Ligand SMILES: Nc1ncnc2c1ncn2[C@@H]1O[C@H](COP(=O)(O)OP(=O)(O)OP(=O)(O)O)[C@@H](O)[C@H]1O
Ligand SMILES: [Mg+2]
C-alpha cells in the first residue's frame, strides 16, 4: 500500500538559491495492491516530482510517504519491490552499449545466480510481454531502435524484477495507438495479479481507461480526487471540467466548461486535513477553485 500524507516538495530556485518553488503542496492519496491510480494534470503540475519521491529519487520536504507502512528507503531491497519507468527513454541508455545491456545490469544486481539459458528465457518472455519481437530488438544499439521500442524495453526491464509497485510516468507517450492499448492491457493483467501502479499522464482518456482512482493536480495541489467514475462522471472542480471539455471528440465542437460555485467546497476539510479538500460524497474530494486567495467561507 502506497500512502502519501500531506507530502510537500520545495525546490530551491533562483540565483544563489535565494528563492524557492513549491512543486508539490500537501498532496495526500493512497494506492492499494492491485489498484491503478492515475495522476493527471498539466505540464509542471508536479506529477513527475511525486513519482520521483515515491521512487526515493527526490527527498520529501515535509509530510509522510510510506510503502507498506515503511518510509521509502532507496536501495536494492526497495527497488526489488518498487520500479519506475519514465517518459524519456533515451536518457536511460548509454549509446556506446547495446540496448539490452539494461537487462544484463538487472541480472548482475538482482539475479546473479540465474543461469544463462534461464535468464535468456526470462528476458525473451518479458520482451514479448511488451509486444516486441526479441529477434528484432535484442542485440541492437539504442540508435537502431525507435523511441517506442526503447520505452517498451524499459517496461520489460522493470517487469523482470516482478515488482509489487510500479511508477509509470508517461510511459505510453511515444507509442502509437494500438501499441499503447497493448501496453495498457499488459498493465491491466499485472494489476489483476496484485501490482499497484501510479500511472502519471496528461492524457485523460488513458488515465480513465484503467484507473480505479484518479488524482487531478494543478500547480502542485490536488484539486479533485477519488473514485475515477465519480471524478469524471460528476466533475466538480472547474479545472477537472476544463480537462474533460478539452478531450477532442469527433463531430463535437469544443465548449468552455461552465463555472461552479466552488466556495461550497472550501471549508469542508480545510481545518483538519491541511489539504483543503471537501468530501462531497464517499471517495470524492474536491478543492475550492479560488484557493489560495479565497476569503469566503462555506455557506
Ligand atoms: N530539480 C528541480 N529543481 C527545481 N525545480 C524543479 C526541479 N524538478 C522539478 N522542478 C519544478 O517543479 C515543478 C513540477 O515539475 P514536474 O516535473 O513534477 O512537472 P510534471 O507535472 O511532471 O510536468 P510534465 O507534464 O511537463 O512532465 C515545475 O515547476 C518544475 O520546474
Ligand atoms: Mg513529468
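Summary table
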| quantity | calculated |
| --- | --- |
| Whichever residue in the range 158-197 is more than 19 Å from residue 131 (Cβ to Cβ) and in a strand (DSSP E or B) and, among such residues, is nearest to ligand 2 (Cβ to nearest atom) | 169 |
| Strands (runs of 3 or more DSSP E) contained in the range 1-107 and holding at least 1 residues surrounded by 14 or more Cβ atoms within 10 Å (Cβ to Cβ) and within 11 Å of ligand 1 (Cβ to nearest atom) | 2-13, 19-31, 36-41 |
| Conditions (1) on the phi < 0 side of the Ramachandran plot; (2) touching a residue at least 60 places away in the same chain (Cβ under 8 Å); number of the one not met by residue 205 | (2) |
| Of residues in the range 198-208 being under 18 Å from residue 230 (Cβ atoms) and in contact with a helix residue (DSSP H, G or I) (Cβ under 6 Å, 6 or more places away or on another chain), the one nearest to ligand 2 (Cβ to nearest atom) | 204 |
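Let's see how each residue does on (1) within 16 Å of ligand 1 (Cβ to nearest atom); (2) under 30 Å from residue 53 (Cβ atoms); (3) in contact with a helix residue (DSSP H, G or I) (Cβ under 8 Å, 6 or more places away or on another chain):
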{"residue": "128", "(1), (2), (3)": "no, no, yes"}
{"residue": "132", "(1), (2), (3)": "no, no, yes"}
{"residue": "142", "(1), (2), (3)": "no, yes, yes"}
{"residue": "149", "(1), (2), (3)": "no, yes, yes"}
{"residue": "153", "(1), (2), (3)": "no, yes, yes"}
{"residue": "163", "(1), (2), (3)": "no, yes, yes"}
{"residue": "176", "(1), (2), (3)": "no, no, yes"}
{"residue": "181", "(1), (2), (3)": "no, yes, no"}
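Bear in mind these aren't lab numbers, they're just calculated from the coordinates by the rules spelled out. Treat the numbers as computed from the prediction; the structure is a model and nothing was measured. Note: ideal-geometry Cβ built from the backbone for every residue, glycine included; neighbour counts use all protein chains shown.
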